[in-house]
Every structure is written in structure tokens, then in C-alpha cells.
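The values are calculated or read from the model by the stated rules, or taken from the named source; none is laboratory data. If you're wondering where the values come from, they're calculated on a predicted model, not measured in any experiment. Because the Cβ atoms are built from the backbone with ideal geometry, glycine has one as well, and the counts that use them run over all protein chains shown. Please note that ligands, DNA and RNA were not included when accessible areas were found on the heavy atoms of the full protein model with its side chains. Shrake-Rupley method; radii C 1.70, N 1.55, O 1.52, S 1.80 Å.
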Amino acid sequence: MKLVLSESFSRKPPVPSPCDEWLEITASMKNTAYSTTDFDSIHHAGKTRLHPVELSPVNVSISGQYPLVQNVTVTEGGTANMTCRVEYNDNTSLQWSNPAQQTLFFGDKKALRDNRIELVRASWSELTISISDVTLSDEGMYTCSLFTMPVRTAKAYMTVLGVPEKPEIAGLTKPALEGDHITLTCITQGSKPAADLRWFRNEKEVKGAKEVNASGKTFTVRSSLEMYVDRNDDGVAYTCKVDHVALAQTPQQATEVLEVHYAPRVEIVHPPAVPQEGQYLKLECLSKGNPSPDPVMWTKDGGELPDLDRMIVEGRELTFTSLNKTDNGTYRCEASNHLGISTAEYVLYVYDPNAVGQHGTDHALIGGVVAVVVFVTLCLIIVLGRYLARHKGTYLTNEAKGADDAPDADTAIINAEGNHAHAEEKKEYFI
């Protein structure tokens, strides 16, 4: 029994030196046996194993041929192309195998009965196959084999993206009542990797609470949005959008429009002009509520409208065709729905057209007189203040005379009394 040399290579071959690049050594054993010492001269970088074999012809091949592949990412339901290339090939066959190590194609020969797998290109330098209608179970490591001695392999990983289903919004009560607390929940299933959910109130993004649960190879994603609704939420659209790498071209979203019921609020709109006898006047009762509080009710001083010939009610409007003094009073508009009642009041006072003009003239005259009086008073105050300030300084100076030339305090007092005596002859009058 003799020993015969065989070689095995790792996935990435060692880099050959310039001298022996792409070296191929073939030893043909024909009626010849080699000892272990004979292999020292052909030892190649890498692992060398010695196996005991029976005497028979054996080929030993060392080559620079390696298959080249690339990882593939495909969306579930799409088509994946798996390509294996060899830069240098001496008519050696290529083969593709699936993650279960089942041969798909050996050269141009199909080995697995699967109608989804087709041959795209087969040559000495390339083997390309396609897998259509890809499922999540197709994901895994695929192997391209080059049948040299030893066999060279390269592995490519196929990643299958799970497409998330169209989202659904749950938890919406129609209609909701003003002040209710509601929770909107958006759910999408089947995503891989897990999808992201985003909420929008009309066009403005709002933040929700996200929850992710695994279900086999895919994920179920939920996002909740809590709120207290009011009348401003009536008619607002809440949209849940799904963000996922598999939906770059066809985004998924769901929208729900809130319907909020609330009690009415009433306001009376009237013209700014002063109402005068003989004029036309229209009052409008603006009421906002859901359901709509139609019709509205008009009353005067707590009772019915007295003169329906001149007071015309059309929907929300109360029209006076020709005002007179008898129309004076408090007018009330009332609107209601099943959630409440709201009222608004307007006090009407009808003026005489002549009195309105006279009162306007009197007011202008009174205003002018008041302005003149205020101006004159300010002038008198300023003149009087300046006069008092000047005479007060002179009085203090004269009072101090007599103390200037006195040698001592007693003399100063006597001189001061003399000055006071003379001062009595002069009298000063202050206005």
C-alpha cells in the first residue's frame, strides 16, 4: 500500500506568487507508485493530506480557478437571478445547489423538478439561473460548485423581504362624543424585517406607541394613538402609513375620518351701524354643532315675535323690513340638538334719525369746549408756578440781611429785629 497526495482548499484561496500563479501540476500515476519523499518537490502552499490508497491511476490538479458569486436580496413574490462566474475555466462544469444541498442545475441540465427555477445562461465561464415567485422558505445559502480537483465552491446568501400587508385601523367609534377618550390602533402583518408605522393628523405627523411581535419568519407590528376628542377633531383624517424597504415603489396606508358629535354654540351677527327708524335690519344667528341644530328659534323679550309682517324669519336670519320704536327689546336666538341647547341675545334700540344727527353735533361741541378749558387751565398753572418760584427766593434773601455784618450772635439778632421792623412798612401780596 502506498500514499497518494490530494489537496483541499479553503473558500478563499491563497494568493499565488508571480512565479507559480495559476500553476497546474498534474501527476499521472500509471503503473507507478510514489513515496512520501517524492511529494516534497511538488508541495503547494495550503494543507497537504496523505491518504493510503490502492495502486491506481490518480490525477493531482492545482489550479487558480475559483467561482465568483454575489448575495441576492429579493422581495417575496419576485424573481431572483443567481449568477456564478469563473474567470479561468478549462471546460469544467458549474453547478448550483439550494440551501438543502439539492442540485438545481448542473451545467445546462436541470436537476430539480421545480417549475419556478429556469436556466438563464450556461457556458464554461457562467451559470445563471432564475427563481420566480420567491417565498420566504427560499431564503438561505446557495452554493456554486466548480468541479475541479478538488471541487471549488462559493456561497451566496439569498435574503427574501416579507411584504407587509395593508394596514388596518381599529378602535374608532362612529360617532365619537366630545370629550371621549379613544385609542386608534394600526396593525400590519407579514413584514420582514419589521415594518415601521407612522401616524398623521391630516398632513401633520403625530407620535404613536409601537409594538412588534414575531410570527414565524415575519413580524406583526402595531401602533396605538390615544386622544381626547373635541369639536376640533370633527372631520379630521387620521392616516397610518407603513414604511418598509419592500414598499419603496408602492407605499401602504389606511385613513379614517373622525366624526365627533358636540352641543351647539350660537352667536348673533348684526351690522355695526346705529339702527334708525324706517331702516332695514338683518340679524343672523350663527350656530355650530353636530348634528346641525336646524332650525333655530327667534324670540323677543321671552315671547314670540309680535309683528310677523315686518319681522321675517328665513332659516337662521331675522329681517326687519322697516324699523320703528315698537321694535325695541331683547331678541334671543336658540339652537339645540340631542347634546344640548345654546342661546345668544341682541338688545335692539331704534333711534330717531333727527336725534341721531343732533346728538352728534352736541357731542362735537362739548368736546371742543372741554379741550379749550383744559388748555387754559394748564397755561395758568405753568405761569403761576414760575412766579411763585421767583419771589420765594427774593424773600429769603432779605430776611437774612442784618446777620451778614454782625460781629456776634446777639448783634445779629438785634439787626434782624430792626430789619423786621422796616419790613413791616413793606407789604408783599401774593396772588
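Remarks
- Of all the numbered requirements in (1) of a type in the set (V, I, T); (2) crowded, with 18+ Cβ neighbours inside 10 Å; (3) not in a loop (DSSP other than H, G, I, E, B), T148 misses one, and that requirement is (3).
- Residue in segment 158-179 that is under 20 Å from the mean Cα position of the chain (by Cα) and in a strand (DSSP E or B) present: yes
- Residue pairs whose Cβ atoms lie under 7 Å apart, sitting 6 or more positions apart in sequence or on different chains, and linking a residue in segment 241-263 that is within 30 Å of V229 (Cβ to Cβ) to a partner that is open to solvent by 60 Å² or more (accessible area, probe 1.4 Å) and among the aliphatic types (A, V, I, L, M), are H261/L177; H261/L339; Y262/L339; A263/L339.
- All positions within segment 157-205 that are open to solvent by 70 Å² or more (accessible area, probe 1.4 Å), of a type outside the set (K, R) and over 30 Å from W96 (Cβ atoms): E165, E168, T173, L177, E178, H181, Q189, N202, E203, E205
- Members of segment 184-207 that are within 15 Å of V242 (Cβ to Cβ) and without any contact (Cβ under 8 Å) to a residue 24 or more places away in the chain: E205
- Candidate set: segment 332-351, residues that are more than 17 Å from L318 (Cβ to Cβ) and in a loop (DSSP other than H, G, I, E, B); chosen: the one least open to solvent (accessible area, probe 1.4 Å): L339
- Options G235, G278; residue that is among the small types (G, A, S), open to solvent by less than 70 Å² (accessible area, probe 1.4 Å) and in contact (Cβ under 8 Å) with a residue 60 or more places away in the chain: G278
- Any hit, segment 354-373, residues being out of contact with any strand residue (DSSP E or B) (no Cβ under 7 Å at 6 or more places or on another chain), surrounded by 15 or more Cβ atoms within 10 Å (Cβ to Cβ) and modelled with pLDDT of 85 or more: no
- Selection count, segment 132-145, where residues are open to solvent by 40 Å² or more (accessible area, probe 1.4 Å) and β-branched (V, I, T): 1
- When the criteria are applied in full, K204 fails the requirement of being of a type in the set (D, E, K, R) and in contact with a helix residue (DSSP H, G or I) (Cβ under 8 Å, 6 or more places away or on another chain).
- Only residues that are part of a loop (DSSP other than H, G, I, E, B) and open to solvent by less than 30 Å² (accessible area, probe 1.4 Å) were counted in segment 291-321, giving 3.
- Annotation: of all residues in segment 74-99 being hydroxyl-bearing (S, T, Y) and surrounded by 14 or more Cβ atoms within 10 Å (Cβ to Cβ), the one that is nearest to T143 (Cα to Cα) is S97.
- Answer from D180, D133, D138 - the residue that is outside the structural domain of N213 (by the TED database) and more than 30 Å from E87 (Cβ to Cβ): D133
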